[in-house]
Amino acid sequence: MLRGRLRSSLRGWGGVAAMAVACALTAVFALLLPLTQARGDGSTGQGGQGVAEGAQVKADDCNPEASLRPSPNDGPYVEDIKKRGYLTVGVDQNSYRWGYRDPNKSESKLEGFDIDLVHAIAEEILGPEPDIRFRAVPTNQRIPAIKNGDVDMVVRTMTITCDRLDDVAFSTAYFKTGQQVLAPKNSDITGYNKTLKDKKVCSAKSSTAEDELEKNSFGADTSTKVPNQLDCLVRLQLGEVDAVVTDGALAASQAAQDPTVMLMGEPFTEEYYGVAMKREAEDLVRRVNQVLVDYRKGDWQASYEDWLADVPGMADTAEPPAPEYSD
Amino acid sequence: MTYPPNGGAAPPGPALPTMLAIPPQPGASPAPAGPSGPLAAVPSRRTAWSEGVDRLRTAATTEPGRLRIIGAVLALLVVAFGAVATWEMSERSAAADDVLNRSQPLSRDAADIYRSLADANTAASSGFLAGGQEPAEVIDRYEKDIRTASEKLATASANSGSDPASAAAIAKLNKLLPEYTGLIERARANNRQGLPLGGAYLRYANDKMQTMLDAAEQLYKEENERLRADYDDATPYPWAAIGIGALALGALVWAQRRNYHRTNRVFNHGLVAATAASAVVLLWLLVGHTVARAGLDDSYDHGVRSLNVLNDARIASLKARGNENMTLVSRGAETREVGDVPKDKFDLEYQSQMEQLGGAEGSTGLLGTAASLADDAAGREPVAEAIENVKDWKDRHKKARGEDDSGNYEGALKKVIGARDQDPTDESFENVDDALENALEYEQQEFKLAAQDGRNAMTGLPVGAAVLAVLGAAAAVLGIGRRLSEYR
């Protein structure tokens, strides 16, 4: 009898203990959850960063691509740059054809489509052979770097979105892209459609691609998530995944590194890259827009020809997106 | 009564059973065979024990009977002493031999595997940073590391025995090593073409290496535990032998005292010889084992412990170096949030490894422990050198990061892998690595000398104890036989 009572009271305490443990675990998870989610850093230019919906959902009268009208006049920010004599730009060093360093070139200078644009802007503000200080900024440090004033601008395959407009100002759009599927040439995947069914698809953590696949994966296995979009190409080459979803511009950069893969189908979202600057730097934004007006007249196409035209799946020729202005 | 078989120089082994089995009361023989079976079987058989006790009781009523019992007990005690001493000391001696020739070399091999892998990863990232055409010496270093790792893995595999944890770690390493080298080759091929994809492959390989390093660390720990277990088998005092030895000596002294009181003869040569033999064995046992134990303890405290800390330090410095390289390879491709601020994953790793290696100042942490464990100037010197170079390394690293953060990647690269006149961190790292290698070599030597001293102190003890005990028992039997013959 005593033993029975002991057992039942133990059982009672066991229940209490179990509940306490359950409560503690819940608390721990609740504490850890935001942390783990926040940790999913995007890194090398995976464009969207999970806020790209703003670009498509233009409901609350936000037109993200509309920027300030161009002006060639100097303001306080432009004057500041001129006075100090150099321009600090946040760029990527790992995006082939956009911003990267070729280890085999003697001075291993940065080069790519984004870098050409930086040169154009710097030359316009500072004159020929300008002093440019490139800083490699990880994807999730792009906005803080601008806000803290670590860089004057970020030219780094950065998508213009309404959410980002709360923190930074964008130039007019300089490149149109969209999420796209990349797969081996002999694959039976034809694009973002039902051919993805039962295929393993890779995306970068907390990228637009990840969000889109979450919304509709066409029955694909999307469990492979990597820190950086380029890691997806590694997984693809190793046969760990069958396809990659990332934005078209970066998918092109991947395809340029591996002639056996290509872009499949059309982009299934619409995104625009812009030059990001401090919100207060109105004069600098207008000045960059002025540069872009001229840049679109021929230099843009030349740069496209140099870096992107030969990439399988990219059009041989392209035109820059037309600027939109908000004022 | 007849005692002739014992009169001669009968070997003491058989002496025991002879004395017990031959006595002339066949009916009371403890063995179930013989006439006792049919005699006592009918109602309920008496146990051999009670029959034996009865027989002893009968024998104890006469002096010759008593003498025979005393002789038997003395011989038994001395032989038992010898047997237990031999058994305990051969176990200890074998364990000491294992420490020296099996478990420590295996622990060293495991440390080598661990270190080679970390070193290979560091070499791979150094070569990568140098561009598409990797310097020959970096490639050599990488190749040598991979070779060492696979050779030592084969040895470890052959010796892992029935330890499932070691076997699992070895199996894992055997599976991952070719995967890793495959990824490195792909990274090289892409880097040679100037494609950033090479960096992505290198990061993937680096990730894989972290899993491998965990397995290697596991193996290293298992081997260290095995070493510790061998030490634990080699060092405890042989209490059973000491106890029985003391008992045998006490009994011998008592028998001689009794003899003296009964016969007024001071010495019984046989018993004196038996006493001397037992005393020698006991003394040998005590001194030999104490010396051996001192040597082994010394080899553990000043050898193994130093070696462990130095190995950990060397691996921490290798990991820190690898991460320093990876910071420049990945160029911000992977970040981790600290509080709310995203920081470069590899730089964070570097910081934490350096913290482990030398603490905040460079002179605490593992190196601080190594310095405090080093028991002489020759051991302290290389550790002090490592500490100095770690301080340099940290300063130089700060400068390199400064260059990189201000956008001068080329400058940062020069400060990390550049020529010697640029004061690259590479130089500091190499100095740390060399100093730690010297320290390890020195401590390995220290270990070996002390452990050899320990093991050698036990040499001959098991055999010696056995031989002396047999002689002692024989002498005791002879001595008692001499007395018994007076009753003929």
_Per-region count, segment B:363-376, residues of a type in the set (A, V, I, L, M) and in a loop (DSSP other than H, G, I, E, B)_ = 1
*Determine if segment A:68-79 includes at least one residue that is over 20 Å from A:Asp166 (Cα atoms), modelled with pLDDT of 80 or more and within 14 Å of chain B (Cβ to nearest Cβ).*
no
*Mind listing just one residue for me: the one in segment A:231-242 that is touching a strand residue (DSSP E or B) at 6+ places or on another chain (Cβ under 6 Å) and over 10 Å from A:Ser203 (Cβ atoms) and, of those, farthest from the other protein chains (Cβ to nearest Cβ)?*
A:Asp242
*Within segment B:366-379, can one find any residue that is under 24 Å from B:Gln210 (Cα atoms) and surrounded by 17 or more Cβ atoms within 10 Å (Cβ to Cβ)?*
yes
*asked:* Condition check: of a type in the set (A, V, I, L, M) and modelled with pLDDT under 95. Does A:Val261 satisfy that?
replied: yes
_Any chance A:Asn140 is within 14 Å of chain B (Cβ to nearest Cβ), closer than 21 Å to A:Pro259 by Cα and either out of contact with any strand residue (DSSP E or B) (no Cβ under 8 Å at 6 or more places or on another chain) or assigned to a helix (DSSP H, G or I) (or both)_ = no
*Considering only residues of segment A:295-327 that are in contact (Cβ under 8 Å) with a residue 60 or more places away in the chain and of a type in the set (Asp, Glu), which is surrounded by the most Cβ atoms within 10 Å (Cβ to Cβ)?*
A:Asp299
*Would you say B:Ala136 is within 30 Å of A:Lys109 (Cβ to Cβ) and either in contact (Cβ under 8 Å) with a residue 24 or more places away in the chain or not β-branched (Val, Ile, Thr) (or both)?*
yes
*Which of the residues belonging to segment A:88-141 are over 30 Å from B:Pro135 (Cβ atoms) and among the charged types (D, E, K, R)?*
A:Asp114, A:Asp116, A:Glu123, A:Glu124, A:Glu129, A:Asp131
*Is it true that some residue in segment B:392-403 is touching a Phe, Trp or Tyr at 6+ places or on another chain (Cβ under 7 Å) and within 14 Å of another protein chain (Cβ to nearest Cβ)?*
no
*segment B:404-429, subset within 12 Å of another protein chain (Cβ to nearest Cβ) and outside any helix (DSSP H, G or I), residue surrounded by the fewest Cβ atoms within 10 Å (Cβ to Cβ)*: B:Ser406
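Yes/no per residue for (1) free of Cβ contacts under 8 Å to residues at least 60 places away in the same chain; (2) assigned to a helix (DSSP H, G or I); (3) in contact with a Lys or Arg (Cβ under 9 Å, 6 or more places away or on another chain); (4) within 14 Å of another protein chain (Cβ to nearest Cβ):
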{"site": "B:Trp284", "(1), (2), (3), (4)": "no, yes, no, no"}
{"site": "B:Gly288", "(1), (2), (3), (4)": "no, yes, no, no"}
{"site": "B:Arg305", "(1), (2), (3), (4)": "no, yes, no, no"}
{"site": "B:Lys319", "(1), (2), (3), (4)": "no, yes, no, no"}
{"site": "B:Leu348", "(1), (2), (3), (4)": "yes, yes, yes, yes"}
{"site": "B:Glu361", "(1), (2), (3), (4)": "yes, no, yes, no"}
{"site": "B:Ala378", "(1), (2), (3), (4)": "no, yes, no, no"}
*What are the pairs, 6+ residues apart or on separate chains, where a residue within segment B:456-475 that is in contact (Cβ under 8 Å) with a residue 24 or more places away in the chain has its Cβ under 7 Å from a residue that is among the basic types (Lys, Arg)?*
B:Met458/B:Arg92
_Quick check on segment A:124-137. Is at least one of its residues touching a residue at least 12 places away in the same chain (Cβ under 8 Å), more than 14 Å from chain B (Cβ to nearest Cβ) and not β-branched (Val, Ile, Thr)?_
yes
_Could you list, ordered by first residue, the pairs with Cβ atoms under 6 Å in which the first is in segment B:192-212 and free of Cβ contacts under 8 Å to residues at least 40 places away in the same chain and the second is among the charged types (D, E, K, R), at least 6 apart or interchain?_
B:Tyr201/B:Arg186
*Test B:Ser125 against the criterion of being small (Gly, Ala, Ser), closer than 30 Å to B:Tyr442 by Cβ and within 14 Å of chain A (Cβ to nearest Cβ), and give yes or no.*
yes
*Does at least one position in segment A:99-121 carry a residue that is farther than 27 Å from A:Pro72 by Cα, crowded, with 18+ Cβ neighbours inside 10 Å, under 18 Å from the mean Cα position of the chain (by Cα) and in contact (Cβ under 8 Å) with a residue 12 or more places away in the chain?*
yes
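The values are calculated or read from the model by the stated rules, or taken from the named source; none is laboratory data. Quick caveat, the model's predicted, so the values are computed rather than measured. FYI the Cβ positions are ideal-geometry reconstructions off the backbone, even for glycines, and counts take in every protein chain you see.
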